[in-house]
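Student: Structure below; questions to follow.
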Number of protein chains: 2
Amino acid sequence: MRYFIKLTAIVLIIGTLLPGSACKTTKNPTKMTDQNSALFPKGDRLPDSYFTGNAFLTPLIAKDKNNDFMMGSVTFEAGARTFWHSHPRGQVLIVTEGNGFYQEKGKTAQPIKKGDVVNIPENTEHWHGAAAKTKMVHIAITNYEGETNVVWLKSVSEEDYNAVNKQ
Amino acid sequence: MRYFIKLTAIVLIIGTLLPGSACKTTKNPTKMTDQNSALFPKGDRLPDSYFTGNAFLTPLIAKDKNNDFMMGSVTFEAGARTFWHSHPRGQVLIVTEGNGFYQEKGKTAQPIKKGDVVNIPENTEHWHGAAAKTKMVHIAITNYEGETNVVWLKSVSEEDYNAVNKQ
């Protein structure tokens, strides 16, 4: 997937630009350090092939010899959400801002908000995104099974999304 | 280590109290959802055997079949820091509030602030904590090598800590 390759490249580029040190630190590139500011920049827009509405990604960690996951901050503008998808080895979401939903196939959607942590099991069809009128931002820690960490499915229909927002 | 066992127990207990769902969601237990509030509660005080000053832990994820790491939010009050330590398979820090330092043995301390991500390599002696006059909060994702994820060493002396704060 092109955007996963791109985010790996971005993280590697950031890593090589840092002063010599065994550890890699991704510095907050903006001056956004006060309590009221967003934790991370919005980043690049995510593709319409996997996301409905405007969603953005700031990559934070690429899979490496210690971290068998990728990590990024995903911003969903109001109304934006992922397509249905699953992860072969699960995913952890840390909601850092706003309000949204997490829904597993066949189950009621769960409202999620800042400070919630979602531990998504392996091979479970689900979607997540912002509420219809409120943005949502989460950090996603997505585990790898070999070289794969996601299987994309169909979009979440307007009908289903609207029903969730009315529940 | 008792507090690691305790945090596992806390996370498991939280998990069993949630409505039936394959996924485990740790809900923000407070009403702290607005932009200005802390992301997570402070949690329980961490032991003086590994932390200087007042540091606290809210456990978020315990190691499980998918997540080969533990994750928690650590709050360091001003002046508080870890002892020197290392991780057999590294650790990722996400600074969510305040200002502090990360220092590897033999290297200059790096100031860290909200929005910074630190990818700590394996078997590297280091410490992290708040600045002398400002608290710091970070999420820590600590990878496991078998059943171990940390090796604790000596405390960071007042002399060394003060020197870092004056640099």
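The values are calculated or read from the model by the stated rules, or taken from the named source; none is laboratory data. Keep in mind that what you see is a predicted model, and the values were worked out from it rather than measured. Accessible surface areas use protein heavy atoms only, side chains included; no ligands, DNA or RNA. Shrake-Rupley method; radii C 1.70, N 1.55, O 1.52, S 1.80 Å.
Student: As a test of the definition: with a 1.4 Å probe, what buried accessible area, both sides summed, do you compute for B against A, in Å² to the nearest 100? Kindly include the intermediate steps, with their values, before the conclusion.
Tutor: On the way: alone 9580 and 9610 Å², together 14750 Å².
Accessible area lost upon association: around 4400 Å².
Student: Provide B:S155, B:S73 ordered by accessible surface of protein heavy atoms (probe 1.4 Å), highest first.
Tutor: Numbers: B:S155 55, B:S73 0 Å².
So the residues, ranked largest to smallest area, are B:S155, B:S73.
Student: Accessible area, 1.4 Å probe, largest first: how do A:D44, B:D68 sort?
Tutor: On the way: A:D44 70, B:D68 45 Å².
Order by accessible area, largest first: A:D44, B:D68.
Student: Is segment A:74-167 rounded, prolate or oblate when judged by the Cα gyration tensor, a ≥ b ≥ c being the square roots of its eigenvalues, rounded requiring a/c under 1.5 and prolate requiring a/b larger than b/c?
Tutor: It is oblate, given that a/c is not under 1.5 and a/b is not larger than b/c.
Student: Taking every pair of Cα atoms in segment A:61-121, average 1/r, invert it to obtain the Kirkwood radius, and report Rg/Rh to two decimals. Show your work: numbers first, answer last.
Tutor: Values: Rg = 12.7 Å, Rh = 13.1 Å.
My calculation of the ratio gives 0.97.
Student: With all protein chains present and a 1.4 Å probe, how do B:D64, B:D116 order by accessible area, largest first? Mind showing how you got there, number by number?
Tutor: On the way: B:D64 60, B:D116 0 Å².
Largest to smallest exposure gives the sequence B:D64, B:D116.
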